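Where a number appears in this text, it was derived from the coordinates with a stated rule and is not lab data. This is a predicted model, so every value here is computed, not measured. Cβ atoms come from the backbone with ideal geometry, glycine included; neighbour counts cover every protein chain shown.
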Amino acid sequence: MQDTHVHEIMHMMMESGSVYTRESLKKAIIDTFGVATTYCSCSMSMMTADQAIDFLEARGKFIPAEDGFYTDESKKCSH
């Protein structure tokens, strides 16, 4: 099992340029990183894809759009 930093999810979102729903983001995460991957941050580890989405949303990392949300560089931490 691989533990991937949540910043990698944000990078994936920015590189795609897509607008996501929770469902489409979860699918993209699993398609990109694999079903067995867990996610970590500086304060948490071993998160599922759903928990990682909740974590990013709770920290204001998503920008609302008409059909969902996206993210950009302004939402990343600088560490």
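Here are a few things to note about the model shown:
- Reachable lysines, given that their alpha-carbon falls under 18 Å from the alpha-carbon of K75 and they are not under 8 places away in the same chain: K61
- Counting only DSSP H runs of at least 4 residues, each contributing -39500 (n - 2.57), and dividing by the residue count of the chain, the helix-based mean residue ellipticity at 222 nm comes to -12500 deg cm²/dmol.
- Charge sum, other residues only, whose C-beta stays under 13 Å from I63's C-beta, Lys/Arg counted +1 and Asp/Glu -1: -1
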